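The values are calculated or read from the model by the stated rules, or taken from the named source; none is laboratory data. The structure presented is a predicted model; accordingly, all values stated were derived computationally and were not measured. So basically every Cβ, Gly included, is an ideal-geometry build from the backbone, and we count neighbours across all protein chains shown.
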Amino acid sequence: MADDIRALSAQLAQDPQSLVFLRLGEALRRKGQLEAALRVAMNGLERHPHLADAHDLYARILTDKHDYERAFDEWDMAVRIAPHHTGALKGLAFLYFKVGDIDQAEAHLAAAKRVEPDDPSLEQAFEMIRGGGRPPSRGSTPAPEPAATAASPTAAVSSGALDEARVFAGLEGADEGLLLVDGAGRVLGGALRDASGADVTDSVAAYLAGVSQEAARTAKLLGLGAWNGLSAEGQHGNVHLAHPTPEALLLVVRERGMPLGRLAILAHRATIMAQRWLERQ
């Protein structure tokens, strides 16, 4: 395997845009080099933020690191990008099972079975769930099964137990640099501060009123189709705009050192959390 890792690393170095990072990240994960695997996965996600397999790889590594909440978000994102992604469906099923939501676990396994009816691991998983057993030990299930380390109840946070009063509860950097507003510029969640620490939430929200409509109009005039997000680099920071719903706008602000690709990944995660929160309201 060491030779494979060296060969894959060399290929990726020659072509950083190559999808070989998926094989390299998985090889590193299987060898237990989780930090190296994590770096490979995150760099790959920066270049391919809409690739479901990249989110699936990242989720499996996070599961090995016992970061079940973020793993749930990544698998959830993979399914939103590719609804028939069996690796992500099986990963979500395992996490739901671990927090005791048997109905959701079976529903996700059933969805995976409709895509791959001949996958023997799915029937084994069904038998395990119906029998109330434990997930298979690590390495006993074929790729792309998630690692079978035991999940903790914190994964329930991602499956719907978020703090109702805080849109972005549990998200990295949730206490700053995130703002959710409606079409009229009214603050729905999050807060912003300027460089001096002064609260500028309301003034920025008012400024954002109507921005979503203007962005849609501009994209239409340019023949770009529907807009999904806008990123911009500033002298002192980077920003990303997204619209969780047609009536809402999400602004993510981070320091200048965060690459736009990583900012887009964070914005995707925040967008999903905002969508869930809005649906519950």
* If you check Met258 against the conditions, is it touching a Pro at 6+ places or on another chain (Cβ under 9 Å) and outside any strand (DSSP E or B)? -> no
* Close pairs from the stretch 100-120: first within 17 Å of Trp75 (Cα to Cα) and assigned by TED's automatic domain parsing to the domain that holds Lys90, partner assigned to a loop (DSSP other than H, G, I, E, B) and modelled with pLDDT of 90 or more, Cβ under 6 Å, at least 6 apart -> Val115/His84
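So which residues in the stretch 261-281 are of a type in the set (A, V, I, L, M, F, W, C) and either surrounded by fewer than 16 Cβ atoms within 10 Å (Cβ to Cβ) or without any contact (Cβ under 8 Å) to a residue 40 or more places away in the chain (or both), if there are any at all?
The first filter runs over the stretch 261-281 and keeps only residues of a type in the set (A, V, I, L, M, F, W, C), leaving 263-267, 270, 272-274, 277-278.
Of everything in the stretch 261-281, those that are of a type in the set (A, V, I, L, M, F, W, C) and either surrounded by fewer than 16 Cβ atoms within 10 Å (Cβ to Cβ) or without any contact (Cβ under 8 Å) to a residue 40 or more places away in the chain (or both) turn out to be Leu263, Ala267.
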* To do: Report yes if some residue within the stretch 109-128 is surrounded by fewer than 24 Cβ atoms within 10 Å (Cβ to Cβ), out of contact with any helix residue (DSSP H, G or I) (no Cβ under 8 Å at 6 or more places or on another chain) and either polar (S, T, N, Q) or closer than 28 Å to Asn228 by Cα (or both); otherwise report no.
  => yes
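Do you know which of the residues in the stretch 217-245 that are small (Gly, Ala, Ser) and surrounded by 15 or more Cβ atoms within 10 Å (Cβ to Cβ) is farthest from Gly177 (Cα to Cα)? Quick ask: steps written out before the conclusion?
Looking only at the stretch 217-245, we keep the residues that are small (Gly, Ala, Ser), and these are 219, 223, 225-226, 229, 231-232, 234, 237, 242.
Pick out the ones that are also surrounded by 15 or more Cβ atoms within 10 Å (Cβ to Cβ) and you get 219, 229, 231, 237, 242.
On the way: Ala219: 26, Gly229: 16, Ser231: 14, Gly237: 10, Ala242: 14 Å.
Residue satisfying both the conditions and the ranking: Ala219.
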* **Residue that is farthest from Leu278 (Cα to Cα) [pool: residues in the stretch 215-247 that are under 20 Å from the mean Cα position of the chain (by Cα) and among the small types (Gly, Ala, Ser)]** => Ser231
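Yes or no: Ala13 of a type outside the set (D, E, K, R), surrounded by 18 or more Cβ atoms within 10 Å (Cβ to Cβ) and in a helix (DSSP H, G or I)?
On the way: of a type outside the set (D, E, K, R): yes; surrounded by 18 or more Cβ atoms within 10 Å (Cβ to Cβ): no; in a helix (DSSP H, G or I): yes.
Considered against the rule, which asks whether it is of a type outside the set (D, E, K, R), surrounded by 18 or more Cβ atoms within 10 Å (Cβ to Cβ) and in a helix (DSSP H, G or I), Ala13 comes out as no.
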